[in-house]
Amino acid sequence: MKIAIISITNNGKTLATDIYNALKEDPTVIKADIFHKNVKQNLEAIFNSYNCIIGIMATGIMIRNICSLIKNKKDDPAILIIDEKGQHVISLISGHLGGANEFAIKIANIIQGEPVITTATDLNKKLGVDCLARKYYLKIDDVSKIKNVNSALLNNEVVQIAIGSKYKFIWEDLDLKKPYNKIKTRSDDITVSTGSDTIHLKPKKLVVGLGSRKNIETSVVVKAVKDALKILNLPIERIDLLATGDMKEKEIGIINAAEKLGLPLEIIPTSLIKNFKNNDITCSDFVNEKFGLPGVCEPSSLIAAGEDSNLIFKKTPYNGVTVAVAVSKN
């Protein structure tokens, strides 16, 4: 997630700095920036460049300045509002698909404030179809139907969900989130239906990129992957493949780890990594000096995930292994 923090007062700026310092240590935060004052100009400049915008200001100020910028729940960034004393963290816009509800809780924990969530499904402890999609990186084919499906859930009407065996791990969540009526299917498609409205959920491609020191142990690689996914709250079954550069194609520890995890391993040619451009990649002086490359795990994950893919877990070292995770656009 890319996060922008906008403050107005001096107290707000201090709080913004505290939040920034905590977020830069979070591997799921790919980028964080602070902006001070000039709310209207800053919002117009950054609105489409960040996944989440945190305003440390009065709610009314933010609302008046985003009215002309917001489009729809599919495209709008998450918007949070925090008072300058850090007492309340309000999820204002894009609570589900944009992750504002989830992130309000994260920020509240950082500053010891109170998260303010107003979406009905959350308040009634129902797993909305849009929350399901966000949690497992699923693309919703028609976001206009979300309201009707979630309303049916709130009214305890029968909502059928059909999931193929490839994604059977999702049942674990749904066992606790009635009134979904679970239907197993031979297809790998995921559908949610009220009878009158049907939503198709398409899993996006998730790739774990790997780099490592020479002669890395298999157990270390396996643990590194599992530790990263634990932070993302994702099961290994949701990952589509592992990826690394061709300089590691004979690294037994990585090869055996892929086999042990039950995942295919894609080898990315050095030439592709060398010519790959992405502003989110963290350049490594060591890798650049040794191989003439900006890095291994981040570009490998992004290239394997496909064009316009995004990092959801930045390069993180684990005892001689570096891990990054990327998700496809569609």
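Cross-link partners for residue 214 among the aspartates and glutamates, with Cα-Cα distance under 14 Å and sequence neighbours closer than 8 places in the same chain left out: 246, 249, 251.
Ordering 67, 297 by the number of other Cβ atoms within 10 Å of each residue's own Cβ, fewest first, gives 67, 297. Beta bridges per DSSP, both residues in the chain: antiparallel share near 45 percent.
For segment 74-179, the C-alpha radius of gyration divided by 2.2 N^0.38 Å, with N the number of residues, is 1.16.
To one decimal place, what Kirkwood hydrodynamic radius in Å is obtained for segment 57-110 from all pairs of distinct Cα atoms? One over the average 1/r among Cα pairs gives 11.4 Å for segment 57-110.
Computed from backbone phi, the HN-Hα couplings of segment 255-271 come to 4, 5, 5, 4, 5, 5, 7, x, 10, x, 10, 9, 9, 9, x, 4, 4 Hz, rounded to whole numbers (Karplus: 6.51 cos²θ - 1.76 cosθ + 1.60, θ = phi - 60°; Gly and Pro given as x). Amide hydrogen proximity for residue 32: with H placed 1.01 Å from N in the peptide plane, the residues at 5 or more positions away or on another chain lying under 5 Å are 3.
Measuring nothing but how far apart in sequence close Cα pairs (under 8 Å, 6+ apart) lie, relative to its length, segment 29-125 scores a relative contact order of 20 percent.
Based only on Cα atoms, what Rg/Rh ratio does segment 148-235 have, Rh being taken as Kirkwood's radius? Walk me through the intermediate numbers first.
On the way: Rg = 17.8 Å, Rh = 15.6 Å.
My calculation puts Rg/Rh at 1.14.
Relative to one another, the C-alpha centroids of segment 281-330 and segment 57-87 are positioned 32 Å apart. Step through the table entries 147/202; 147/223; 85/145, compare each Cα-Cα distance with 29 Å, and write down the pairs that go over it. Violating the 29 Å limit, Cα to Cα: 147/223; 85/145. Normalised by the number of residues in the chain, the mean separation of alpha-carbon contacts (under 8 Å, six or more apart) gives a relative contact order of 13 percent. Rounded to the nearest Hz, the phi-derived 3J(HN,Hα) couplings of segment 139-156 under the Karplus curve 6.51 cos²θ - 1.76 cosθ + 1.60 (θ = phi - 60°) are 8, 8, 6, 9, 5, 5, 8, 4, 4, 5, 5, 5, 5, 5, 4, 5, 8, 6, where x marks glycine and proline. Phi angles of segment 215-232 translate, via the Karplus equation with coefficients 6.51, -1.76, 1.60 and θ = phi - 60°, into HN-Hα couplings of 6, 5, 6, 4, 4, 5, 5, 4, 5, 4, 5, 5, 5, 5, 5, 5, 5, 7 Hz per residue; Gly and Pro are given as x. Structure note, pairs 24/274; 168/226; 126/205: Cα-Cα distances above 21 angstrom occur for 24/274; 126/205.
For the set 125/314; 37/135; 135/314; 139/277; 74/329, the pairs lying more than 23 angstrom apart at their alpha carbons are 125/314; 37/135; 139/277.
Per the Kirkwood treatment, what hydrodynamic radius in Å, one decimal, follows for segment 7-156 from the mean inverse distance over all distinct Cα pairs? Value: 16.0 Å, from the Cα pair sum.
Backbone amide hydrogens, once placed in the peptide plane, bring residue 139 within less than 5 Å of 202, 204, excluding anything fewer than 5 places away on its chain. Take every Cα pair under 8 Å in segment 97-197 that's 6+ residues apart, average their separations, divide by the length, and report that relative contact order as a whole percent. This gives 25 percent for segment 97-197.
In the calculated pair-distance distribution of the chain, the portion above 26 angstrom amounts to 53 percent of the Cα-Cα pairs. Note on residue 31: aspartates and glutamates with a C-alpha under 19 Å away, same-chain residues under 8 apart excluded, are 18, 44, 75, 76, 102, 280, 298, 308. Annotation note: GluC sites (Glu not before Pro) in segment 29-127 located in DSSP loop regions with a Cβ neighbour count of at most 12 within 10 Å are absent. Taking each residue as 0.36 nm, the span from residue 250 to residue 275 lengthens on full extension beyond its C-alpha to C-alpha distance by 6.8 nm.
Rule-based calculations on the coordinates, nothing more; no lab input. The structure presented is a predicted model; accordingly, all values stated were derived computationally and were not measured. As a convention, Cβ positions derive from the backbone with ideal geometry for all residues, glycine included, and neighbour counts pool all protein chains shown.
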